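These notes are about the structure you will find just below.
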Amino acid sequence: MAEKTAVNPGAARSQEAGAPRPPEAPKLLPHKLLGTSYFLERLYPGDRVKRFLEIFGAVLKYTNYGHLVDTYARVGAKCANCACACQIYLATKDPRDVPCYRTNLLLEIYRRHFTFRGMVQSKVTGAVYLTQEKISELAESVYHCTGCRRCSFECPMGIDHGLVTHLSRYILSEMDITPKALVVATREQLEGKTGNTSAIPVAALLDTLDFLADDIKDEKGVRVEFPVDKEGREFVFFPAVSDYLLEAETLKGIALTFHAAGEADRWTIGTGYYDGINYGLFYSDWCAERIVNKEIDETHRLNGRKILIGECGHASRSAKVFVPSFAGAKGAVPVVNIMEVTIDMLRRGKLKLDPNVITERVTYHDPCNIARTGWIVDQPREILRAFCKNYVDMEPKGEKNYCCGGGGGTVSVDEIRRYRTGVTGKLKAEQIRRTGATYVVAPCANCKKQLREVCEDHGLEGVQVVGLHDLLYKAIVLGGGEGKP
């Protein structure tokens, strides 16, 4: 079937993705930002409007979204209380960036085409509310949003605007209106030869693990195991697979933590599947389910008792939320984040940390996917304060943190870098600058990439964005006389 791309007046901006960045903060961009390389869109025979309504109707009928959409449509979504919580609106002051404006784009389609009153009104007036232009506006709007859900704290009616944004993306994805970057990565994960988003074959994975083990030996004077395909262990480990290419210090820190605690026999990496990334969380429940089931199947294959997610916010949330939903009562296994394991080791006295290694100022960024619900907020701070003498917090923090600016999968779309750093990352850059920190700890693969670009584009020289286990790798004291002094 032939393919085309959506045409948009903001296309020219995508040409600048690889250009050098000035040290000053980039100027805010026009509201239209989606270029010709952003969306993958297929031609369907017939009417796009008819196709949208068919898909929306099927979702309402066959999923649990129906009752939720009907409730939200009845209580309304127009008060704009959420505006004060949205870092995008605070940067642009554009009414179209108010979360409830975006939510109402979908709810109004529901009211006009799927309620008795709306259908009668259409019959009487002969007017059809949904048009191709409104579909384009919806697509544009929902990919402005990072899906951070900070706005949910301010809605007096309890509307989850992030969830409505996700639903809109889900409907659009069934029409193949989806950013190419998400589709390409997910296609390799579900249908490609390697079965992971970074296209890393097993042989390359094993070579990488050997290289990291040699690196630790050279730096720490001790041989540390990266266990592979060990059956019957407590944890089967799924980091963001990109960590094997880009975040060596994080992986070395995790392996050294297990070794130093004397608990290296608790975890394993599986060669059947080893990618915690789940971009389905950003645009398609159908893809999200298939990816989560790959994690479940690999854990069962190795007779593991728990799924262990590395330093990645969306990988942690997608597994934590959807493993019980998609696996059912019999197939589900507990899901834990690596920081939960590390804090347990520290509290049990299994880790000794040198408080004199990290002397620079350190701050912590809360990834939205693990902090917004209060799941992982205090644990990493307790770990950092155990060995960082000069630790400071950003404000706001914890559940009400500001998003890195690359949430909702937008960080993977390099064509909109200037938007991500200049608009959605603007307040985060200001937060980091106020702390005066040298190290920004961001235990999430997407947040690390985004924050490094934010720091670069806002002239935050000398700031290093690292994982929590990157610093632990420096501070861990090996016992029993092993390792280098």
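The values are calculated or read from the model by the stated rules, or taken from the named source; none is laboratory data. In this text, all values refer to a predicted model and were calculated from it rather than measured experimentally. Neighbour counts run over all protein chains shown; Cβ positions are idealised from the backbone, glycine included.
One table, with the values for the structure above:
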quantity	calculated
Qualifying positions in the stretch 67-90 - surrounded by fewer than 19 Cβ atoms within 10 Å (Cβ to Cβ), in a helix (DSSP H, G or I) and in contact (Cβ under 8 Å) with a residue 12 or more places away in the chain	Leu68, Asp70, Val75, Asn81, Cys84, Leu90
Boolean, Lys320 is under 17 Å from the mean Cα position of the chain (by Cα) and surrounded by fewer than 24 Cβ atoms within 10 Å (Cβ to Cβ)	yes
Sole residue being out of contact with any helix residue (DSSP H, G or I) (no Cβ under 8 Å at 6 or more places or on another chain), more than 23 Å from Arg187 (Cβ to Cβ) and of a type in the set (S, T, N, Q), chosen from Thr268, Thr257	Thr268
Candidates Ala181, Ala240, Ala185, filtered to the one that is out of contact with any helix residue (DSSP H, G or I) (no Cβ under 6 Å at 6 or more places or on another chain), within 21 Å of Gly406 (Cα to Cα), buried (at least 19 other Cβ atoms within 10 Å of the Cβ) and among the small types (Gly, Ala, Ser)	Ala185
Residues of the stretch 375-417 satisfying the condition of being part of a helix (DSSP H, G or I) and more than 19 Å from the chain's Cα centre (by Cα)	Asp378, Gln379, Arg381, Glu382, Ile383, Leu384, Arg385
Any pair with Cβ under 8 angstrom, 6 or more apart, that starts in the stretch 320-343 at a residue that is farther than 22 Å from Asn303 by Cβ and ends at one that is crowded, with 18+ Cβ neighbours inside 10 Å and among the charged types (D, E, K, R)	Met339/Glu311
Subset of the stretch 194-233 that is assigned to a helix (DSSP H, G or I) and among the acidic types (Asp, Glu) - its residue that is surrounded by the fewest Cβ atoms within 10 Å (Cβ to Cβ)	Asp218
Which numbered condition Asn337 misses (of (1) crowded, with 24+ Cβ neighbours inside 10 Å; (2) over 22 Å from Asp229 (Cα atoms))	(2)
Some residue of the stretch 267-279 being at pLDDT 95 or above and in a helix (DSSP H, G or I)	no
Residue list for the stretch 418-463, restricted to those being part of a loop (DSSP other than H, G, I, E, B) and either without any contact (Cβ under 8 Å) to a residue 60 or more places away in the chain or surrounded by fewer than 21 Cβ atoms within 10 Å (Cβ to Cβ) (or both)	Gly425, Gly436, Thr438, Gly459, Leu460, Glu461, Gly462, Val463
Selection status of Gly480, farther than 26 Å from Gly276 by Cβ, part of a loop (DSSP other than H, G, I, E, B) and modelled with pLDDT under 95	yes
Flag if Cys404 is touching a helix residue (DSSP H, G or I) at 6+ places or on another chain (Cβ under 9 Å), modelled with pLDDT of 95 or more and buried (at least 23 other Cβ atoms within 10 Å of the Cβ)	yes
Residue that is farthest from Phe237 (Cα to Cα), among those in the stretch 259-316 that are in contact with a His (Cβ under 9 Å, 6 or more places away or on another chain) and aromatic (Phe, Trp, Tyr)	Tyr283
Only listed residue being over 23 Å from Gly436 (Cβ atoms) and either in contact with a helix residue (DSSP H, G or I) (Cβ under 9 Å, 6 or more places away or on another chain) or in a loop (DSSP other than H, G, I, E, B) (or both), chosen from Val357, Val323	Val323
Selection count, the stretch 260-283, where residues are of a type in the set (Asp, Glu) and touching a Ser or Thr at 6+ places or on another chain (Cβ under 8 Å)	1
Which numbered condition Arg169 misses (of (1) of a type in the set (Lys, Arg); (2) in a helix (DSSP H, G or I); (3) out of contact with any Gly (no Cβ under 9 Å at 6 or more places or on another chain))	(3)
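Rundown of residues vs (1) surrounded by fewer than 20 Cβ atoms within 10 Å (Cβ to Cβ); (2) of a type in the set (Lys, Arg); (3) in contact with a helix residue (DSSP H, G or I) (Cβ under 8 Å, 6 or more places away or on another chain), yes/no style:
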| site | (1), (2), (3) |
| --- | --- |
| Asp297 | yes, no, no |
| Ile307 | no, no, yes |
| Gly331 | yes, no, yes |
| Asp344 | yes, no, no |
